[in-house]
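The values are calculated or read from the model by the stated rules, or taken from the named source; none is laboratory data. As the structure is a prediction and not an experimental result, all values here were calculated from the model. Ideal geometry is used to build each Cβ from the backbone, glycine not excepted, and the neighbour counts take in all protein chains shown. All accessible areas refer to the heavy atoms of the entire protein, side chains included, with ligands and DNA or RNA removed. Shrake-Rupley method; radii C 1.70, N 1.55, O 1.52, S 1.80 Å.
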Amino acid sequence: MDWYMMNCELLATCSALGYLEGDVYHREPDCLESVKDLIRYLRHEDETRDVRQQLGAAQILQNDLLPILVQYHEDKVLFDAVIRLMVNLTQPALLCFGKVPADATSRHHFLQVLSYLQAYKEAFASEKVFVVLSEKLYNLLQLDWEQRQEEDTLLIERILLLVRNVLHVPPDPTEEQGVDGDASVHDRVLWALHISGMDDLLKFLASAQVEQQWALHVLEIISLMFRDQSPEELAALGQGTAGAEHGEDTRELETLRQRELAEKRARALQRPSRHSRFGGSYVLQGLKSIGDRDVVFHKGLHNLKSYTHDLGKEPRRVPRHRQAAPETEASRRSARNVRLFLCHFCQDFLEGCYNRLMLLVKDQLVREKAQQHDETYYLWATAFFMAFNRRHGFRPELVSETVGVRAFHFIEQNLTTYYEMALMDKKEATTWARRMHLALKAYQELLRTVQEMDRSPEQAVRDSSQVIKSNIFYLMEYRELFLALFRKFDETRQPRSFLRDLVETAHLFLRMLERFCRGRANLVVQSKRVRRKKNKPRAPAAPAPLSAAELEQLWEGLAPQLQACLEGEVPLPEDVVPFDAASETPVEEQRAEALLRIQECLRDSRVPQALRLLRSAREVWPEGDVFGAADAGPPEESRLLREILVAPLPRHAAAEPEEPEEEEEEEDEEEEQTVQVSEKEFNFLDYLKRFACAPVVRALVLLLRGYARNSARTNHCAARLLHRLARDLRMEPLLFQLSLFALFHRLLSDPAAAAHQELVALAKFILGKFFALAATNKKAFVELLFWKSPAAVCEMTKGYSSLQEGEGTTRSRVPPWTPQEEQELRELYWKYKEVEGGDVIAAILAHLPTPGRTRKQVVKQLVRMGLASSAKDFPRERKGTRIVLWTQEQEEELTRLFEEFQGSDDVLGNIMKHLTARRSRARVVEKLLGLGLVAQRKELYKKRRRKSHGPGPGQVAKGVPATPAQDSSGEDEDSEEEEDEEDEAEEGPMEEHWVPEEGAGQDLARRLHQEGLAGPLRWLENCLRRVAGDREEDGVSHPVPLVPLTEENEDAMEDRRFQTLLRQLGLRPPASEQESFWRIPAALTPQQLRRVAASIAHRGPSGSPQDLPEPPRCPQDPAPAEPLPAGLGSDSESEEPVPVPVPVPSPVQPRTKRRRELASEDEDEDGEGSGTDPAPAAPCSEEDEEDEDPQPRGRRKRIRCLEEEEEEEED
């Protein structure tokens, strides 16, 4: 798009402003409205800033706005509107675009706007414009605060912003190519500002008591005025004389002339006296060419020194992200009259404005009243004006506001912030580096000012400097600052000028610190040490076992409190839960843990929690009466708690940590950092040793590469730092580096080396030390290729085996690997690498001759030796996830053991005892099925002999043995049940195959009804009957989910006891995460569903269901008047159910084939060996029914299998 072709509306608006005839501008009647329209257009411009570009191309500001400003400044409304428009047009391009665009199109628009701003700045280099602005600003400042309106305050701010915008425009390097001393556009703007008296108004705003709000505006304008100036040059100009400046220029020219003459003499010595027509060809012995032969040189001998293999090669292009950061400082000298005006401005500003203005600005910065990054103007002003004061008749009272410990702290805090942001914000690292450079220069100027105060003839000033130095040298932050800056220096982010100021500031700090330590025998400084402590979960120590007497004494103390809890005088807690359904811990283990928790509560004198936990556990595990009978009274509960207290329950042993290194890898442990502050005696040499590291030496060498362009001061500081490291610390090998030697070679070959005597002396000293060491250490030439640490320096000078274990900077708690150990490790790795299914690292650790090695150390060493790419090649084995393959020998062993124990009662148990490789029972069963040795799993089940015995004195009438926790027979039965669980763990979900027993869940349903769950039970019964009717009508059975639609039913479905009832009725829980609801299995027939629904129906005293309509009776169901067999709820060991006398034999009463198979798996085969038919069970009372175990033992085992659904791996 051609921006010179303006938009029609924009063109019409600009035409309505007026026209310029000669030097007189004639405005149109709609001039004010047109200016307001332009402001409105600028407010709605797009991201390319099209309106701004069109106005710049049409030169509206030069041809219209500035003439209106000059000629119609009396029109207050028009003047205000024109100022608003010019402030908008002259705002910096960075504010318009946010940042320098990266893409070509946006960058083109950015540069176009910048070119228009440079044209605007040239138009503002007019005395008439600044005279009008100064007069207007003067008149506004004459008004008192009572007379000044809001519009006047806004106009003052807009005038200051306009001046700021004009001074902010950067110079055009293509247009301003004049020599030093010529007047640039910026100089002409400054001169116009000075002629108009605007500089005096700025000083008034900086010093007036009533104009505090303009402090930051004034400081920003002043910083832009002195943008290209050097404080040292301005101070020297003010002291005297053009002769001093002329003498400096003369000395610079003389240096260049001497360099040129030296180069001519060197070339004359290389050139022979008589020209030879034949240049000749020479063979350079010892210098190989591309092949194996020596180089053939086809030029004259005088060109031999400049020969290199790189001649004729194209230089390698350096990627953009590796290029050195460009310099941001402009090195240009302004016109003399401008510099004189600025010098006088600095003097007046220091005498009347500096301290007050810096106090106001810092107050606004601390109170966060300023805009973001406004502290950079404060840092610049501190560095500039303190340097001017130091060079121009040093007077410390003029800069007293920025000299002190608080000033050091403020600058150090900002410098540290910029340093951290440069490390984190990689995209804006260059911007943060520029801000860091400003803070560093301010810090340097503070140190120079304190140094200058030491030379003051006034004793009070010298005492003040001693106080400041004692404070900054005492604190650790100031001493560690330069080390951090050296170590994180990045030449791609930070320019060479930053490194120059860093070296000069570090040299100054070290010199001041050294002199400060000389006059003091014992200097005490602050030391901080950061300790990182990891919060590792510690296993609780096992309590010491109590004796019988102590337990009896403890029970006597608990008895009164227990009695109060049993009588209801002390409330019991409600948040005690003994069972966690979501836990991976098996149910049996959770029951044992519940017993341990009750015992711990009793031993900690927490009787209410123990009693509540006992009652809750009884509801969850009612079988076996382990936690007492359901109708247990206070005496029974008291007896149970006493037995639990004195019982020697087994406790889990605390797991010992394997390796601390592995814990750091596997566990995400929180770290607590604690800073320990202490004091210690300061030693300057110990502090100087902190600088003896590769990053510091590398930065110094990088700075000295440009020694010809550096100032004498910079070269002196760098050489002095290297001399400190080499001579004072006696670490000359620290500088034995090939890049530094190449620099020395270039320096010694330089014809103008006489101007750098200090560097030449350092080079000769280091080279002499190197060749002296090379005479005894032949590896010194190889060491030239590497940057060195103090430990490497010690090894080079004292021998490579001089460092003992625990010495030097490379000490470690890990013992080093010897060559013999590395060879053994390599052999073990190749030996166990190809073993399938084995842990290579575990095998190596088991056979490693050297004890004490950890898994992490072995893995690191394998990676270091190149045998593995990373530590990820050796993942940790997780329990239960490894699939172990069977070898041929193991399969033959399994076949042999099966044939040997095939006729025994416990085939699988005997095989597990004699199997060499430790495997789980489920894996062995799978392999036996895979080999075809057995056809079904039930062939491997343990065969039990039937035992006929009647109810004894230890049993109730129903045949349910009372199994106390200490009964050994109960433990045997539990172990047998666990074996059966492992056998059946691989059978998958069993809910679809087993048939619920008739009358299942009656007792539990009755208790739930008494506890207020009548509604959910009625809903469950209706669901079962509805599904039974649907299956009879459709003839097809599918799993049906139980979806609770009311809050009451939803809460019941989450109740553990209600879920236990659902399992007893044969309903299936959610099989996976994709299922959310319980389901009625498809294997249940309509008759079975109706029977289950009838078992949970609420019955009155007469035994008939209440509050429910009687369902239609199926012909196969027993008559309603017939009593349900009591034996269905017993735990009898008989194989067949107790027969029920009925008039007509029912085909459904005997158990099905599948039912009998399931019973045969869990019950004894030798039950009721007498052969006589048992008598019908007498109807029992309601209390007896509550005492009964609601499930047969085999059914209870199967429920646990369904709940756990996991394989037990044997270690």
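Could you check Asn337 against (1) within 30 Å of Gln451 (Cα to Cα); (2) part of a helix (DSSP H, G or I) and say which number it fails?
Unmet condition: (1).
Looking at (1) of a type outside the set (Gly, Ala, Ser); (2) crowded, with 16+ Cβ neighbours inside 10 Å; (3) modelled with pLDDT under 80; (4) over 27 Å from Ala630 (Cβ atoms), which is the only condition His1098 fails?
(4)
Would you be able to tell me the number of residues in segment 1044-1067 that are among the charged types (D, E, K, R), open to solvent by 50 Å² or more (accessible area, probe 1.4 Å) and free of Cβ contacts under 8 Å to residues at least 60 places away in the same chain?
5
For segment 304-317, how many residues are open to solvent by less than 70 Å² (accessible area, probe 1.4 Å) and either within 30 Å of Phe204 (Cβ to Cβ) or of a type in the set (A, V, I, L, M, F, W, C) (or both)?
Residues that pass the stated criteria total 1.
Being surrounded by fewer than 15 Cβ atoms within 10 Å (Cβ to Cβ), aliphatic (A, V, I, L, M) and either in contact (Cβ under 8 Å) with a residue 24 or more places away in the chain or at negative phi (or both): is that true of Leu111 here?
yes
Collect the residues in segment 347-368 that are under 32 Å from the mean Cα position of the chain (by Cα) and either touching a residue at least 24 places away in the same chain (Cβ under 8 Å) or within 11 Å of Leu216 (Cβ to Cβ) (or both), keeping them in residue-number order.
Residue satisfying the conditions is Leu365 alone.
Assess whether Thr376 counts as being within 30 Å of Thr492 (Cβ to Cβ) and part of a loop (DSSP other than H, G, I, E, B).
no
So, in segment 450-460, exactly how many residues are open to solvent by less than 20 Å² (accessible area, probe 1.4 Å) and in a helix (DSSP H, G or I)?
Adding up the residues that qualify gives 2.
Filter segment 318-336 down to residues that are open to solvent by less than 100 Å² (accessible area, probe 1.4 Å) and of a type in the set (S, T, N, Q) and give me whichever is modelled with the lowest pLDDT.
Looking at residues that are open to solvent by less than 100 Å² (accessible area, probe 1.4 Å) and of a type in the set (S, T, N, Q), I get Thr328.
Do we find that Ser465 is assigned to a helix (DSSP H, G or I) and either under 16 Å from Glu397 (Cβ atoms) or of a type outside the set (S, T, N, Q) (or both) in this structure?
Against the criterion (assigned to a helix (DSSP H, G or I) and either under 16 Å from Glu397 (Cβ atoms) or of a type outside the set (S, T, N, Q) (or both)), Ser465 qualifies.
Which is among the acidic types (Asp, Glu) and modelled with pLDDT of 80 or more, of Asp310, Asp294, Asp249?
The conditions single out Asp294.
Go through segment 700-809 and tell me which helices (runs of 4 or more DSSP H), entirely inside it, have 3 or more residues that are open to solvent by 20 Å² or more (accessible area, probe 1.4 Å) and farther than 30 Å from Met512 by Cβ.
738-748, 757-774, 780-783, 790-798
What are the pairs with Cβ atoms under 7 angstrom where one residue, in segment 917-938, is among the polar types (S, T, N, Q) and the other, located anywhere, is surrounded by fewer than 17 Cβ atoms within 10 Å (Cβ to Cβ) and at pLDDT below 80? Sequence gap at least six, or different chains.
Sorted first by the residue in segment 917-938, then by its partner, the pairs are Ser920/Glu1207; Ser920/Glu1208; Ser920/Glu1209; Ser920/Glu1210.
Which one of these does Thr505 not meet: (1) of a type in the set (Ser, Thr, Tyr); (2) closer than 23 Å to Gly404 by Cβ; (3) surrounded by fewer than 19 Cβ atoms within 10 Å (Cβ to Cβ)?
Result: Thr505 fails condition (3) only.
Please go through (1) closer than 30 Å to Ser678 by Cβ; (2) surrounded by fewer than 18 Cβ atoms within 10 Å (Cβ to Cβ); (3) touching a residue at least 12 places away in the same chain (Cβ under 8 Å) for Asp463 and return the number of the only condition it doesn't satisfy.
(3)
For segment 976-983, check the following and say yes or no: at least one residue is in contact with a Ser or Thr (Cβ under 8 Å, 6 or more places away or on another chain), under 24 Å from Arg591 (Cβ atoms) and at pLDDT 75 or above.
The answer is no; no qualifying residue exists.
How many residues does segment 209-229 hold that are more than 19 Å from Asn165 (Cβ to Cβ) and touching a residue at least 24 places away in the same chain (Cβ under 8 Å)?
4
Name the helices (runs of 4 or more DSSP H) wholly within segment 133-226 that hold at least 2 residues that are more than 51 Å from the chain's Cα centre (by Cα) and within 17 Å of Leu342 (Cβ to Cβ)?
By residue number, 185-195, 198-207.
Which condition number in (1) at pLDDT below 70; (2) within 17 Å of Cys601 (Cβ to Cβ); (3) surrounded by 10 or more Cβ atoms within 10 Å (Cβ to Cβ); (4) of a type outside the set (Lys, Arg) is the one that Pro573 fails?
(1)
Which numbered condition trips up Gly970, out of (1) at pLDDT 50 or above; (2) part of a helix (DSSP H, G or I); (3) open to solvent by less than 20 Å² (accessible area, probe 1.4 Å); (4) not hydroxyl-bearing (Ser, Thr, Tyr)?
(1)
Can you find a residue in segment 55-73 that is of a type outside the set (Asp, Glu), open to solvent by less than 10 Å² (accessible area, probe 1.4 Å) and over 22 Å from Lys128 (Cβ atoms)?
no
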